[in-house]
Each structure stands twice: as C-alpha cells, then as structure tokens.
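Here the structure comes first, spelled out in structure tokens, and everything after it is commentary.
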C-alpha cells in the first residue's frame, strides 16, 4: 500500500470508529463525572505505556477545564519506580490508591488498549478490584474486547476494532477524542 492509500484508509477507519462509539456509555461516563465533581470527589486516571502519557494530558484537562480534582499515579515517576522496585509492578496502582484514600466519592478512569487481564496490565486489574471494593465509580476507554476493565466498568467506551494491525494507534487516539468529549460535556 502506498502512502496516499494508507492515509486515505486510516482516515476511513477513523470515521468508521467514530460512528461506532457507544454513545450510551459516553453519557453514563458524563453522569459519573458530574457526580464526582458535585460530591467533591477525585478522579484517578490509570494507564500504562502510551496510555500513561494520555492519562497525564487528561489529568490537566479534567482539572483545568472540568473542575475535578484529578491525578495519575504515573505522573510521579519516582514513586512509581520505587513501588515497582520494592513491591512489584502488580501493586503499583493499588498501593498508590490506598495512600490516596480512594473512596465512594471518587472515580477511576482506565485508558488502555486491552483493558487488562491475567497477562497484561495486572496493575490496572488490581486497581479496579480495589476501586470496586471501595465503591468508587469506574470508567474505561478501551479497545479489543475491553478486558477486565469492561467487565467491571460502570461506563465502558469500547473503541471498535476495524483493523487488527492498527488497534493500538486507533485505541490510543480515541482515548484523546473521548476524554476531550467528556471534559467538555461535564
């Protein structure tokens, strides 16, 4: 495929994905975020890899534009790497959430390509189990089959898979589209 054809194909896939986003789940996410803001709760955004970078950007938007106290554990690389070294990767987010005293006024937002499972993103899976135990709301923006995040989310925006070879770029790109939509809708 030449460059021109690739670009046209990628844009067509992007349009098809946008048209396939679950608007009912986006509306549920808006309701959860409005409740968090109204209750003066906090939003904790979890992501690894490229999704961690997206989490950092989303923290700014939810704080500055959305008016919600928002944090991402991956923004503190010193704590993240100390916890990874001393306690292991699987508990990096749960221990951070425990220190933050996560509670029922709060919500966790997961940005992930696969949503976590037994083999990938075990720290997200563990954090979601803790969030549910504490009664926090759970929002996820994920792709593939949604993984564990989809199973436990109160609102799951599942980014449709159009082409297996471009799951990650579309999933991570649509994380930005969806969180910007949410920030401006609340």
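Mean sequence separation of contacting Cα pairs (under 8 Å, at least six apart), scaled by the length of the stretch 3-185, corresponds to a relative contact order of 25 percent. Rounded, prolate or oblate for the stretch 13-76? Axes are the square roots of the Cα gyration tensor eigenvalues, ordered a ≥ b ≥ c, and the cut-off for rounded is a/c under 1.5. Oblate, since a/c reaches 1.5 and b/c is not below a/b. What shape does the stretch 71-132 have by the C-alpha gyration tensor, where a ≥ b ≥ c are the square roots of the eigenvalues, rounded means a/c under 1.5, and otherwise prolate means a/b greater than b/c and oblate the rest? Note, shape of the stretch 71-132 comes out oblate. Residue ranges 17-24, 2-9 sort as 17-24, 2-9 when ordered by packing (mean number of other C-beta atoms within 10 Å per residue, highest first). Per residue of the chain, the DSSP helices (runs of n ≥ 4 H) give a summed -39500 (n - 2.57) that works out to -18000 deg cm²/dmol at 222 nm. For the stretch 114-134 versus the stretch 1-68, the inter-centroid distance based on Cα atoms is 19 Å. Segment residue 163..residue 180, full-extension length gain: 3.7 nm, with 0.36 nm per residue of separation and the alpha-carbon distance subtracted.
Going by alpha carbons, how many degrees (0 to 90, nearest 10) lie between the helix axis of 23-38 and the longest principal axis of the chain? With rounding to tens, the tilt is 30 degrees. With the simple model of a label 7 Å out from the Cα in the direction of the Cβ, residue 118 to residue 77 spans 3.4 nm.
Values quoted throughout were computed directly from the atomic coordinates according to the rules given, and no laboratory measurement underlies them. Remember, it's a predicted structure, so these values are computed and weren't measured experimentally. Glycine also receives a Cβ, built like all others from the backbone with ideal geometry; neighbour counts cover every protein chain displayed.
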